[in-house]
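Taking it in order: structure first as C-alpha cells, then the write-up.
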Ligand SMILES: [Zn+2]
Ligand SMILES: [Zn+2]
C-alpha cells in the first residue's frame with residue numbers, strides 16, 4: 001500500500017507547491033527534533049519530511065498521483081524513508097532555516113554571563129473530585145531564585161566583572177590540531193569563564209558570583225477543573241532563575257490522579273458498576289448514585305435489563321478542560337442471580353416457572369445475535385496466542 005503523503009501533510013490532492021511548502025514548514029516547526037524531543041514527534045517528523053520530499057518533487061509526486069510510492073520502490077525492505085530519503089533533508093532545512101551551518105566558524109559572540117533559567121517540574125496528587133472541580137494547590141517549590149544580595153550581578157559591593165584574560169572576552173579558545181587531513185582549527189568554550197567572556201574577581205559572598213541561590217518557597221498553584229492524570233499545568237516564570245540572575249524558566253505542575261473508590265475515568269467519562277438483583281433487573285428499579293459533582297443522583301434501570309447492559313447519565317461525567325461541556329456517567333449493570341433460596345422463595349420461583357413454560361435453557365448457534373459479542377471475544381483471545 002502506498003502511503004498517504006497528502007494526508008501526512010494535511011493538504012488536498014490538488015494542493016499547490018506553495019501550499020505544500022507552507023504545510024510542511026508549519027509541521028516542521030512543531031516537530032523538528034531541536035524543538036520537540038518527544039520520540040513520537042520525531043517519528044512523525046520523519047514521516048512528514050518524507051511526505052514533503054515526495055510531494056515537492058514533481059517526478060515523485062506524479063508517481064504518487066498514479067497510485068505508486070516513490071520511496072517504497074527505492075528503499076530496501078519497506079523502511080521507506082529511512083535510508084535514501086535523508087540525503088534530501090539537509091537541502092530542505094537549508095531552504096527553510098537559512099543554512100545555519102553556512103554561517104561559518106569564528107564569528108560567534110561570547111555566550112554572556114546572564115542566561116535564561118531552566119523550566120522545572122513537580123508532581124502533585126489530586127483526587128478525582130479535585131480534578132473535577134479544580135483546586136488551588138499549595139506546593140513547596142525548591143528552585144534557584146534571584147540572589148537578594150547582588151540582585152543577579154554576582155559581584156560584591158561596587159566591584160565589576162572584568163574581561164576574561166584567557167579568551168580575551170571571546171568566550172571560546174581555539175587550538176590547532178594536526179590530523180591526516182592537515183591542520184584543523186577547533187574551538188571550545190573557554191575553561192576560565194565557561195563561555196561568558198568575563199570573570200568576576202570579587203564575587204558576591206552569598207551566591208559565589210552565580211547571581212542566584214537555591215531556596216524553598218510556598219506557591220499557590222491554581223489547577224483548573226477537568227485536568228487528568230499526566231497533564232501539566234504551566235506556571236510562567238516560576239521555574240529556575242538562570243545564571244547571572246537570568247529570566248526564570250517556567251514551572252510545570254504534573255497531575256497525578258488518584259484512583260477513586262467507585263468511579264473509573266476514561267477521558268471525560270466516568271464508569272461505575274452497579275450490582276442489580278435479578279428481580280430488579282426484570283421489573284426495573286431506580287438506584288441513587290453519589291456522583292462527584294452533582295451529589296446523589298437517581299439512575300433508572302429499565303424493566304428487562306440484561307447482564308452487561310449500561311445505563312447512562314448524560315452530562316454527569318467530568319468537566320472538559322476550559323469548556324462548559326461535561327462527559328457522561330456510564331453505569332455497567334451487573335445482574336446478580338440469588339444463590340441461597342429458602343423454601344418459600346424456591347416455591348415462588350417454581351410457581352413463576354410454571355407461568356413461563358416456554359422459557360428454557362437452549363444451545364445457541366454461533367452466529368446468533370446474543371452470541372456475537374462472546375464469540376468475537378473468544379476469537380480474539382485465541383488469535384492472541
Ligand atoms: Zn574566557
Ligand atoms: Zn549574589
Which of 237, 170, 220 fluctuates most in a GNM of the chain (C-alpha springs under 10 Å)? That residue is 220
Note to self: C-alpha centroids of the stretch 244-280 and the stretch 165-182 sit apart, in Å, by 55 Å
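I need to check one value: relative contact order of the stretch 280-358, counting alpha carbon pairs closer than 8 Å and at least 6 residues apart, in percent.
Relative contact order for the stretch 280-358 comes out at 21 percent.
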The stretch 126-212: relative contact order from alpha carbon pairs under 8 Å, six or more residues apart, as a whole percent, is 36 percent
Longest principal axis of the chain (C-alpha) makes with the long axis of helix 86-97 (C-alpha) an angle, in degrees to the nearest 10, of 70 degrees
One finds the C-alpha centres of the stretch 286-346 and the stretch 7-24 to be spaced, in Å, by 48 Å
With -39,500 (n - 2.57) per DSSP H segment of 4 or more residues and division by the full residue count of the chain, the 222 nm estimate, nearest 500 deg cm²/dmol, is -7500 deg cm²/dmol
Expressed as a percent, the portion of alpha-carbon pairs in the stretch 200-268 spaced more than 19 Å apart is 54 percent
For 197-207, 239-249, 355-365, 153-163, ranked highest to lowest by mean beta-carbon neighbours within 10 Å, the order is 239-249, 197-207, 153-163, 355-365
P(r) of the stretch 177-313 over all Cα-Cα pairs, 10 Å bins starting at 0, rounded to whole percent, reads 8, 20, 16, 13, 13, 10, 8, 7, 4, 0
Final fewest-first order of 263, 45, 180, 375 on the 10 Å Cβ neighbour count is 180, 375, 45, 263
Helix 372-383 sits off the longest principal axis of the Cα atoms of the chain, rounded to the nearest 10 on a 0 to 90 degree scale, by 50 degrees
The equivalent-ellipsoid semi-axes of the stretch 258-385, taken as the square roots of five times the Cα gyration tensor eigenvalues and listed largest first in whole Å, are 33, 23, 13
Taking 52, 252, 352, 6 and counting other beta carbon atoms within 10 angstrom, the fewest-first order is 352, 252, 6, 52
So the angle from the long Cα axis of helix 17-31 to the longest Cα principal axis of the chain, reported in degrees to the nearest 10, equals 90 degrees
At 10 °C in a medium of viscosity 1.306 mPa s, the stretch 135-193 has a Stokes-Einstein diffusion coefficient, with Rh taken as the Kirkwood radius over alpha carbon pairs, in µm² per second, of 99 µm²/s
Of the convex hull drawn through the C-alpha atoms of the chain, the volume per residue in Å³ is 288 Å³
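How much of the DSSP bridge set in the chain is antiparallel, in percent, rounded to the nearest 5? Please list the in-between numbers first.
Details: 43 of 58 bridges.
Of those bridges, close to 75 percent are antiparallel.
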The relative contact order of the chain, taking Cα pairs under 8 Å that sit 6 or more residues apart, comes to a percentage of 13 percent
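Values quoted throughout were computed directly from the atomic coordinates according to the rules given, and no laboratory measurement underlies them. In this text, all values refer to a predicted model and were calculated from it rather than measured experimentally. Every residue, glycine among them, receives a Cβ derived from its backbone with ideal geometry; neighbour counts consider all protein chains shown.
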